[in-house]
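The values are calculated or read from the model by the stated rules, or taken from the named source; none is laboratory data. The model shown is predicted, which means the values in this text are computed figures rather than measured ones. Reconstructed Cβ throughout: ideal geometry from the backbone, glycine too, with neighbour counts over all protein chains shown.
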Amino acid sequence: GQQVMQIPQYQHVQEGEDFTTYCNSSTTLSNIQWYKQRPGGHPVFLIQLVKSGEVKKQKRLTFQFGEAKKNSSLHITATQTTDVGTYFCASFGNEKLTFGTGTRLTIIP
Amino acid sequence: KAGVTQTPRYLIKTRGQQVTLSCSPISGHRSVSWYQQTPGQGLQFLFEYFSETQRNKGNFPGRFSGRQFSNSRSEMNVSTLELGDSALYLCASSLDGPTYEQYFGPGTRLTVT
């Protein structure tokens, strides 16, 4: 089945620093979705990328889909305490959505 | 528009018992997916229902089953509970399936003792 590796597993940053999480696959992905789960909460959809090389921005968040559609990244500029949580990528394949292992972001104020 | 609701929110069961969890999707959403979330395994896909039919199933034993009703509400059942079934069970609804954005409910926290 389709597997998506996500790195790093944990990231601790000082407030104001940047943060990036990566999703990598050995196979071509049809699309990639990104979700955020706050501590004690449930995953919340952030964005979906479909096209090769696609870049989308949401305020301080920048999402990229690789040219070969085998990797994706989420970059947060100037992190804030509200960015705390676990970020998951998810890809569609074999008629189902497969989630990456997630990157847990903690912010040091 | 009301979000996805799940009941109950918390549940404690003993080994060998069975449990039924309920999920009410967002109005107009026809697809409901179920996921198991644990610290060790992350988010694992259980199954997806669309228009009362199971469209896809993950790699879980037959003790895990589900169904969807004509109003798109869904239930999942776990029989003969094991300690390892302790997890957060999340349901997600979407307009038409996994290629659409998923709206997750708050989850049911199941503890098996």
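List of remarks:
- Residue-level check: of (1) more than 11 Å from every other protein chain (Cβ to nearest Cβ); (2) buried (at least 19 other Cβ atoms within 10 Å of the Cβ); (3) of a type outside the set (D, E, K, R); (4) farther than 23 Å from B:SER31 by Cβ, A:THR20 misses just (2).
- Sole residue being more than 27 Å from B:TRP34 (Cβ to Cβ) and assigned to a strand (DSSP E or B), chosen from A:THR20, A:THR79, A:THR98, A:THR86: A:THR20
- Checking A:PHE65 against (1) surrounded by 14 or more Cβ atoms within 10 Å (Cβ to Cβ); (2) closer than 25 Å to B:GLN37 by Cα; (3) at pLDDT 95 or above, the condition it does not meet: (2)
- The set of residues in the range A:35-62 being over 16 Å from A:ALA90 (Cβ atoms), among the polar types (S, T, N, Q) and either part of a strand (DSSP E or B) or within 11 Å of chain B (Cβ to nearest Cβ) (or both) consists of A:GLN58, A:THR62.
- Being within 14 Å of another protein chain (Cβ to nearest Cβ), assigned to a strand (DSSP E or B), surrounded by fewer than 21 Cβ atoms within 10 Å (Cβ to Cβ) and touching a residue at least 24 places away in the same chain (Cβ under 8 Å) is a property that A:PHE92 has.
- Taking residues in the range B:65-78 that are over 15 Å from B:VAL4 (Cα atoms), and partners anywhere that are among the basic types (Lys, Arg) and outside any loop (DSSP other than H, G, I, E, B), not one pair has Cβ atoms closer than 7 Å while being at least 6 places apart or on different chains.
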